[in-house]
Amino acid sequence: MPEKKLHPLVEYELGWLGDDDPAQVMAATPQKLRELIEGVDDDSLRRRPAADSWSAIELLGHFADIELIHAERFRRILAEDKPRLVPFDPDAWNATLGHSKRSPVEHLALFEALRRSNLDVWRRASLADRAREYIHGERGAESYELLFKMCAGHDRLHMAQIQEALRPRASASL
């Protein structure tokens, strides 16, 4: 029987993870985020690298948002039989929740609390639990394990975007 072809987003996020242990990647993310923003001035945290890109502070807000989304999804996958999970619009959350107006401390506090809890759920899950499936509104049937791996790749993708957002820009007046 041929293997199921992965959705392009799944392939992309898994590419950021590679062969690394997703739990180790995800456990290390909070400290890596702190290191990325350590000593960075407020203007730099809030500056968008391009009109259609998020600032570092908005990306920190997204980390908290997606961890909240995953907290609900992980628990539904474990507690319900093939739950249907709907996609969400991260741009709408960013705009509506005003991530650019919040502090990095606020974003990181929420993210870290949720991440600790989500890692605990993963560590307590059996192999059978990790194989449980859900139905994604755009991608179809996927397992808890696949979603967890995608989360780790998603971490790395957005950490790279934070690095890009914080990269010094050439002055417009030369």
CD proxy at 222 nm, helix term only [per DSSP H run n ≥ 4: -39500 (n - 2.57); per residue of the chain; nearest 500]: -20500 deg cm²/dmol
Using only Cα atoms, locate the centre of the range 1-39 and the centre of the range 107-174, then give the distance between them in Å, rounded to an integer. 7
So what are the three principal axis dimensions of the range 19-174 from its Cα atoms, in whole Å, longest to shortest? 60, 28, 28
About the Cα centre, and with charges only on the beta carbon of Lys, Arg (+1) and Asp, Glu (-1), how big is the dipole of the range 8-166? Nearest 20 debye, please. 420
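If I take every Cα pair under 8 Å that is 6 or more residues apart in the chain, average their sequence separation and divide by the length, what percent do I get for the relative contact order?
Details: 177 pairs, mean separation 65.8, N = 174.
Answer for the chain is 38 percent.
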Suppose we take every Cα in the range 4-81 and form the convex hull; what volume per residue is that in Å³? 141
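Laboratory data are not the source of any read-out in this text; all were calculated from the coordinates shown. Since the structure is predicted, the reported quantities are computational estimates derived from the model, not experimental observations. Ideal geometry is used to build each Cβ from the backbone, glycine not excepted, and the neighbour counts take in all protein chains shown.
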